[in-house]
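A.B. asks: First the structure, then my questions, so here it is.
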Amino acid sequence: MPVPLGAPACSLRPAPDAPAMNLRFVEAYYWVVLLRSVTRAAEKLHLTQSAMSSRIAALEQELGTLLLDRRDKQFRVTVAGQRFFAYAERLLDLQREIQAELGGSGAQPVLLRVGAIESVLHSWLMDWVRALREQQPALALELTVETSPVLVDQLVRGTLDIAIAALPAGGSGVRALALPSMAMVFTGHAARHRRRRWTLADLAALELMTFQRGSQPHVALLDLLRRQGLEPLRVHSVSSISAMAQLVEDGLGVATLPAAVVQRLAQRLPLKALACDTALAPLPIHLSWRVDPASTAQGALIDSLLAHRGVAAQHRKIR
């Protein structure tokens with residue numbers, strides 16, 4: 001119906017009894033439900049626990065319904081809360097799309113909490129970070145170097161944004177993708193281990209070093225020796241690549257390390273990959289991340305990492 005001349009103009013402002021929904025409160029609720037913890041969500045958003053609880057309470061008051069069941073200490077989402085969670089995700093996705101489409105062109109500060117195993121750190125991680133800094137000058141990096149089980153747990157708990165480990169992470173809101181695996185080699189002292197080619201039996205007669213007990217390289221080495229019917233002289237479990245390199249340099253024995261790591265370390269240490277008649281199992285590498293529907297930078301960061309590792313564009317499904 002046409003508006004008569006002289007009629008008051010329509011206003012887009014909400015009525016006094018219909019306040020605009022605060023997206024910060026929506027984001028708070030999203031992370032509380034996804035991480036199943038007010039405390040972990042508060043850490044994720046850099047808020048105090050009381051501030052996080054206040055945001056949830058304000059959102060419930062605005063919606064006129066309870067979203068979380070607080071009757072006991074167990075974490076429960078109400079039926080209304082489950083329905084609103086889907087809306088929350090859509091609202092945050094829409095906010096991100098609007099910011100990406102209409103936001104300013106100036107560089108925005110980006111905090112990236114990355115966790116990686118030491119094999120990745122000593123091979124290609126810093127090359128990617130340097131390239132990323134050129135693309136994202138405002139990048140602030142929080143780097144955690146840990147074992148794969150610890151990194152997976154931290155990602156699931158929400159204290160990491162990205163985990164690069166030998167194991168994939170799982171759970172609600174978590175995505176995982178296999179990256180190219182890393183070739184593993186027996187690593188010896190350049191002066192002490194001069195033989196041009198070794199048999200697995202030759203190496204089993206030496207003291208061997210590999211990663212911590214129960215890790216993929218540790219299990220793979222023991223399985224390889226067992227299949228060949230070999231009883232090793234001794235297998236040491238060492239959680240640090242730097243420590244293994246030092247021990248090889250000091251003449252303790254031979255280590256199993258990623259080939260890319262040995263290639264780098266050999267530039268400053270007397271280490272070399274030993275040619276062996278039996279190949280070690282490669283080290284699987286998985287990229288896991290927790291989807292953040294409010295982040296306008298996350299997609300570019302993940303895509304940059306996948307491109308750096310040579311993952312084909314059609315496989316870069318980050319959402």
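The values are calculated or read from the model by the stated rules, or taken from the named source; none is laboratory data. Being a predicted model, the structure only gives us computed values, none of them experimental. Positions of Cβ are backbone-derived with ideal geometry, glycine not excepted, and every protein chain shown enters the neighbour counts.
A.B. asks: Quickly run through the range 236-245 and pick out the residues that are part of a helix (DSSP H, G or I) and in contact with a helix residue (DSSP H, G or I) (Cβ under 6 Å, 6 or more places away or on another chain). Before the answer, list the steps.
C.D. replies: The first filter runs over the range 236-245 and keeps only residues part of a helix (DSSP H, G or I), leaving 241-245.
Across the range 236-245, the qualifying residues are Ile241, Ala245.
A.B. asks: Just to verify a result, which residue in the range 154-183, among those that are assigned to a strand (DSSP E or B) and over 11 Å from the mean Cα position of the chain (by Cα), is nearest to Leu271 (Cα to Cα)?
C.D. replies: Of the range 154-183, the ones assigned to a strand (DSSP E or B) are 162-165, 174-182.
Then keep just the ones that are over 11 Å from the mean Cα position of the chain (by Cα); that gives 178-182.
Working: Ala178: 29, Leu179: 27, Pro180: 24, Ser181: 22, Met182: 18 Å.
Looking at the filtered set, the residue picked out is Met182.
A.B. asks: Does Gly103 fit the bill of being modelled with pLDDT of 80 or more and either among the basic types (Lys, Arg) or farther than 18 Å from Ile164 by Cα (or both)? I'd like the intermediate steps shown before the answer.
C.D. replies: Working: modelled with pLDDT of 80 or more: no; either among the basic types (Lys, Arg) or farther than 18 Å from Ile164 by Cα (or both): yes.
So Gly103 does not fit the description; no.
A.B. asks: Take the range 29-56 and flag every residue that is surrounded by 15 or more Cβ atoms within 10 Å (Cβ to Cβ) and more than 21 Å from the chain's Cα centre (by Cα).
C.D. replies: If the condition is that a residue be surrounded by 15 or more Cβ atoms within 10 Å (Cβ to Cβ) and more than 21 Å from the chain's Cα centre (by Cα), then Tyr29, Val38, Leu47, Met52, Ser53, Arg55, Ile56 are the ones that fit.
A.B. asks: Do you know which residues across the range 184-235 are in a helix (DSSP H, G or I) and loosely packed, with under 12 Cβ neighbours inside 10 Å? Write out each step before concluding.
C.D. replies: Step one: filter the range 184-235 for residues in a helix (DSSP H, G or I), giving 200-204, 216-227.
Within the range 184-235, Asp223, Arg226, Arg227 meet the criteria.
A.B. asks: Consider Pro270 against the criteria (1) at pLDDT 95 or above; (2) surrounded by 16 or more Cβ atoms within 10 Å (Cβ to Cβ): it satisfies all of them except one. Which criterion is unmet?
C.D. replies: Every condition holds for Pro270 apart from (2).
A.B. asks: It is to be established whether one or more residues within the range 185-202 are of a type in the set (A, V, I, L, M), closer than 15 Å to Leu287 by Cβ and at pLDDT 90 or above.
C.D. replies: No, the range 185-202 contains no residue that is of a type in the set (A, V, I, L, M), closer than 15 Å to Leu287 by Cβ and at pLDDT 90 or above.
A.B. asks: I've got another one for you. Taking Ala259 and the conditions (1) within 20 Å of Ala116 (Cα to Cα); (2) under 20 Å from the mean Cα position of the chain (by Cα); (3) not hydroxyl-bearing (Ser, Thr, Tyr), which numbered condition does it fall short on, given that it satisfies the others?
C.D. replies: It is condition (2) that Ala259 fails.
A.B. asks: Would you point out the residue of the range 249-291, among those that are basic (Lys, Arg) and either in contact (Cβ under 8 Å) with a residue 12 or more places away in the chain or assigned by TED's automatic domain parsing to the domain that holds Asp93 (or both), that is farthest from Glu207 (Cα to Cα)? Break it down stepwise before answering.
C.D. replies: If we filter the range 249-291 for residues that are basic (Lys, Arg), which is where we start, we get 264, 268, 272, 290.
Now drop any that are not either in contact (Cβ under 8 Å) with a residue 12 or more places away in the chain or assigned by TED's automatic domain parsing to the domain that holds Asp93 (or both), which leaves 264, 272, 290.
Numbers: Arg264: 23, Lys272: 16, Arg290: 41 Å.
Looking at residues that are basic (Lys, Arg) and either in contact (Cβ under 8 Å) with a residue 12 or more places away in the chain or assigned by TED's automatic domain parsing to the domain that holds Asp93 (or both), I get Arg290.
A.B. asks: Kindly evaluate Thr159 against the criterion of being of a type in the set (Ser, Thr, Tyr), in contact with a Gly (Cβ under 9 Å, 6 or more places away or on another chain) and within 30 Å of Phe211 (Cα to Cα). Before the answer, list the steps.
C.D. replies: On the way: of a type in the set (Ser, Thr, Tyr): yes; in contact with a Gly (Cβ under 9 Å, 6 or more places away or on another chain): yes; within 30 Å of Phe211 (Cα to Cα): yes.
Spelling it out, Thr159 is indeed of a type in the set (Ser, Thr, Tyr), in contact with a Gly (Cβ under 9 Å, 6 or more places away or on another chain) and within 30 Å of Phe211 (Cα to Cα).
A.B. asks: Of the conditions (1) over 25 Å from His308 (Cβ atoms); (2) at pLDDT 95 or above, Ser172 satisfies every one except a single condition; which number is it?
C.D. replies: So Ser172 meets the others, but not (2).
A.B. asks: Looking at the range 36-48 only, could you name the residues that are of a type in the set (A, V, I, L, M) and touching a strand residue (DSSP E or B) at 6+ places or on another chain (Cβ under 9 Å)? Quick ask: steps written out before the conclusion?
C.D. replies: Filtering the range 36-48 down to residues of a type in the set (A, V, I, L, M) leaves 38, 41-42, 45, 47.
Of everything in the range 36-48, just one residue is of a type in the set (A, V, I, L, M) and touching a strand residue (DSSP E or B) at 6+ places or on another chain (Cβ under 9 Å), namely Val38.
A.B. asks: Return only the number of the condition from (1) within 18 Å of Ala273 (Cα to Cα); (2) modelled with pLDDT under 95; (3) among the hydroxyl-bearing types (Ser, Thr, Tyr) that Thr210 does not satisfy.
C.D. replies: If we test Thr210 against (1) within 18 Å of Ala273 (Cα to Cα); (2) modelled with pLDDT under 95; (3) among the hydroxyl-bearing types (Ser, Thr, Tyr), just (2) comes out false.
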